[in-house]
Amino acid sequence: MRPRARPPLFPAFRHRDFRLFYAGFVVSLVGVWMQRVAQSWLVLDLTDSAFWVGTIDAMSSLPVLAFTLHAGVLADRVPRRSMVMVTQTGAMVVALTLAGLVLTGAVELWHIAVLACLLGTANAFDIPARHALMVDMVGRQDLTSAVALNSSAFNASRIVGPAVAGIIIAAAGVGICFLLNGLSYLAVIGALAMLKVVTARRDGGAAATIQQRLRAGYRHIVTERRTRMIILNIATVSIFGLPAMVLLPVMARDVLGRGAREYGWMMSAMGIGALAGALAVAVFGHRLPRGRLLGASATLFGCSVSLFGLSRSLGLSLGLLVFLGCAMVVTTALSNTLVQTLAPDELRARVVAFYAWAFVGLSPFGALQAGAVAEWIGAGGAIAIGGTVTTGVAAFVLLRSSDLRETW
């Protein structure tokens, strides 16, 4: 009797379109993380204000709050590949414009604010279309693998991008980071152009209004208790947990007394943990109750955020950021997978849009509150308080739910 073939370690790589997209996406993400580090450092250099660091970060997310729900309706109606190509091209134009302003010495704070809003608008339409495109490329069966590998790419680039950005900022300034990011978008745009995937038209309600289509997605969230709890938790993470990332440059410079190079190390430490978490989900996610693992990881994330806010040692902070990054990506990857798995095909982009609205769209409120609290009691105190709230909600909402604990 022939032994049964072992299943592939990463099933999503069996699909040609996903392999192409993944390769281009990795290159582009390195540039994205370089820009995120460079933009925060540039704003801090121009304003010397934690409040403005948080405000500019918030402005890049406000369009997600305003537009992403309608973008989900659109992504259920039009070819998703074409939609993602348009959004990625728009993000490239924003990056190259910012590079030109910085390299010519003409950049001002209002330029960064306007471009952050434009980038946020592109992201608002990109998120539901790109996430729903994953199912078109790999199918429902390999979705967990695809989401976990997507998170791996996101967080592997979190290691490389900030480290490279720190070196480039110290040697040549922030402008080169923006330029390289703009050029990196060519990789993902080229990969999208080579895809063969055809998105079926899933939303058959041709006569339905936009509001009626939105209500259909909302009704699924209201009636599916597990989805409702996941979105409530991810909203809490967005408002109270993730502002720790916004305040990282302030922690590096004002609390720990370090510079751009150490700030890059801190971002990379978080990326190392996040990459480890993403790979763990990719390999073991289908073998464990994902709902139970989600509750544990969300609680660990909140605890790590609180302890990081209290740390005054660079070495301890780097270690805590590894745990923070690991717990964060396990939480977000499992939340993303479960929300999509629990949604019917014809509503998937809209449900993803509601998830993105809670995760990304509400983050401006988190960035603003964290920046304001940091001005009042310091960045460390603001981060510690946010982590405590995140821990409490995760423990109360996720760990106590028997329905979610038994969800695979």
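The values are calculated or read from the model by the stated rules, or taken from the named source; none is laboratory data. Everything numeric in this text was worked out from a predicted model, so none of it was measured. Glycine also receives a Cβ, built like all others from the backbone with ideal geometry; neighbour counts cover every protein chain displayed.
Filtering the stretch 198-249 to residues that are under 30 Å from D48 (Cα atoms) and either aromatic (F, W, Y) or at pLDDT below 85 (or both) leaves F240, M245, V246, P249.
When the stretch 116-150 is filtered for residues that are acidic (D, E), in a helix (DSSP H, G or I) and under 26 Å from F284 (Cα atoms), only D136 remains. Checking R16 against (1) in contact with a helix residue (DSSP H, G or I) (Cβ under 8 Å, 6 or more places away or on another chain); (2) in contact (Cβ under 8 Å) with a residue 40 or more places away in the chain, which single condition isn't satisfied? It fails just one condition, (1).
Checking the stretch 155-166 against the condition returns no match, with no residue being closer than 17 Å to V352 by Cα, out of contact with any strand residue (DSSP E or B) (no Cβ under 6 Å at 6 or more places or on another chain) and at pLDDT below 85. Looking at (1) more than 29 Å from L347 (Cβ to Cβ); (2) surrounded by fewer than 18 Cβ atoms within 10 Å (Cβ to Cβ), can you tell me which one V164 breaks? Going through (1) more than 29 Å from L347 (Cβ to Cβ); (2) surrounded by fewer than 18 Cβ atoms within 10 Å (Cβ to Cβ) one by one, V164 breaks only (2). Residues of the stretch 11-21 that are surrounded by fewer than 22 Cβ atoms within 10 Å (Cβ to Cβ) and assigned to a helix (DSSP H, G or I): P11, F13, R14, R16, D17, R19, L20. Restricting the search to helices (runs of 4 or more DSSP H) fully inside the stretch 341-408 and requiring at least 2 residues that are of a type in the set (S, T, N, Q) and either at pLDDT 85 or above or in contact with a Pro (Cβ under 6 Å, 6 or more places away or on another chain) (or both) gives 379-394.
Only one entry in D126, D142 is closer than 22 Å to A75 by Cα and out of contact with any Pro (no Cβ under 9 Å at 6 or more places or on another chain), namely D126.
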